[in-house]
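What follows is a set of notes on a single structure, which appears directly below.
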Amino acid sequence: MAETQTYQNHVRWYPLQHFVLTPMLLAFLIYAIVQVVRFPNVDRAMLLFLAVAFVIQSLVARLNALRVQDRLIRLEEKLRYTRILPEDLAEAAANLKTSQMIALRFASDEELPELIQKTINNEFEKTKDIKLAVKNWRGDYLRV
């Protein structure tokens, strides 16, 4: 099983993306830039164009995956709210920003009502503050 998740170690690195694909694409982009600067011609310009397209495509794919993940977290949390919160608090919590719901997902069921109330009352300046307020961390081990 994975290491117990906490605020200090909850950032997820996806090795294939972060340590293989991204460095390869950046190296290719740098190579293409150097080639265009040193030996400018149409073929090298097209190589640079292709390198930029690959970097953009990689970013778009990653951002789309994260967007879908955020939508699923929002749905899961709304279902969780209806299951464990009083109806009025669940309705109010369903209108929180997605970023706030994402931060609140780490809270245990026992401390969730208090943290949601504080979030609704704007007692947290940033979503990081919500995460730091969590006492009993509920790990999310399926993130991409």
Which numbered condition LEU96 misses (of (1) modelled with pLDDT of 95 or more; (2) in a helix (DSSP H, G or I)):
(2)
So, first residue closer than 20 Å to ARG138 by Cβ and touching a residue at least 24 places away in the same chain (Cβ under 8 Å) in region 55-74, second residue assigned to a helix (DSSP H, G or I) and among the hydrophobic types (A, V, I, L, M, F, W, C), Cβ within less than 7 Å, six or more apart or across chains; the pairs are ASP70/ILE102; ILE73/MET101; ILE73/ILE102; ARG74/MET101
Any residue in region 10-31 that's more than 14 Å from ARG143 (Cα to Cα): show its pairings with residues that are surrounded by 12 or more Cβ atoms within 10 Å (Cβ to Cβ) and of a type in the set (Val, Ile, Thr) at Cβ separation under 6 Å, as long as the two are six or more apart or on different chains.
LEU25/VAL55; LEU29/VAL55
Taking region 107-122 and keeping only residues that are assigned to a helix (DSSP H, G or I) and either of a type outside the set (Asp, Glu) or surrounded by 17 or more Cβ atoms within 10 Å (Cβ to Cβ) (or both), one is left with LEU112, PRO113, LEU115, ILE116, GLN117, LYS118, THR119, ILE120
Run down ARG143, ARG105 and say which single residue is under 25 Å from TYR14 (Cβ atoms) and modelled with pLDDT of 95 or more.
ARG105
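The values are calculated or read from the model by the stated rules, or taken from the named source; none is laboratory data. What you see is a predicted model; the values in this text were computed from it and never measured. Note: ideal-geometry Cβ built from the backbone for every residue, glycine included; neighbour counts use all protein chains shown.
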